[in-house]
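Beneath this line is the structure, given in structure tokens, with notes to follow.
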Amino acid sequence: MDIYKIALYFATSGLYNVNEENKDCVVWAINHQYINHLKPTVNKTPLYFYRPSYHGNKFLAAQKGLFSTWKIIKNSIRDSSYINDIPMFELVDRSPLDELICNFFNINLNENNEFLKKNKILFKIIIPNKLKHDILIQLKRDGYSEEHLFPGFQGVCMAMEKVKRLYEK
């Protein structure tokens with residue numbers, strides 16, 4: 001349950017940001033089992049997950065950090081790009097991950113794929129703006145707030161700064 005509440009905190013904490021406070025927020029979830037199912041097949045996805053060691057990094061340990069990359073292959077002959085005279089090299093595409101995933105599955109997978117019909121790949125959970133305040137209060141009660149997710153003095157200062165705003169509404 002930790003990772004869901006942590007994701008919910010980061011999505012709803014936009015309430016503290018003047019540019020985000022009146023907007024709905026989104027939490028994305030990826031069906032990693034489906035992605036991993038494709039790894040040994042010809043439809044191998046360019047989506048890779050990396051979970052760094054949490055040992056020695058209190059922020060990653062508290063936030064349960066996970067990173068993702070979307071690798072693309074460039075052909076040096078077409079793109080006239082060379083790295084050590086190697087004709088193929090990998091780059092990272094910085095497009096939004098949801099767009100990359102949707103484009104990949106729309107283009108590269110057969111629409112008659114039974115597994116694709118049975119399993120959702122990407123979940124988009126929209127949290128209405130009017131719920132962000134109540135969610136943040138409940139998350140704080142459950143121990144998912146600045147002082148827990150940003151260990152140390154900085155997290156305590158952030159919590160003190162934001163708790164006033166959270167309870168004054």
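Rule-based calculations on the coordinates, nothing more; no lab input. Note that the structure is a prediction, hence the values are computed from the model and not measured. When we count neighbours, we look across all protein chains shown, and the Cβ atoms used for this are built from the backbone with ideal geometry, even at glycine.
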Requested in this report: Using Cα centres only, tell me the gap between segment 19-44 and segment 133-158 in whole Å.
Outcome: 25 Å
Report summary line: Fewest to most Cβ atoms within 10 Å: HIS32, HIS133, HIS55 sort as HIS55, HIS32, HIS133
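Treat the count of other C-beta atoms within 10 Å as a stand-in for reagent exposure and order TRP70, TRP28 from fewest to most. Could you put the intermediate results ahead of the total?
On the way: TRP70 19, TRP28 14.
Lowest to highest Cβ neighbour count: TRP28, TRP70.
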**Report entry** Zone of LEU66's modelled label, taken as backbone nitrogen in segment 1-32 under 17 Å from a point 7 Å along Cα→Cβ
**Finding:** 1-11, 27-32
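Going by how many other Cβ atoms sit within 10 Å of their own, how do GLU20, GLU161 line up, fewest first?
Details: GLU20 16, GLU161 11.
Fewest to most other Cβ atoms nearby, the residues stand as GLU161, GLU20.
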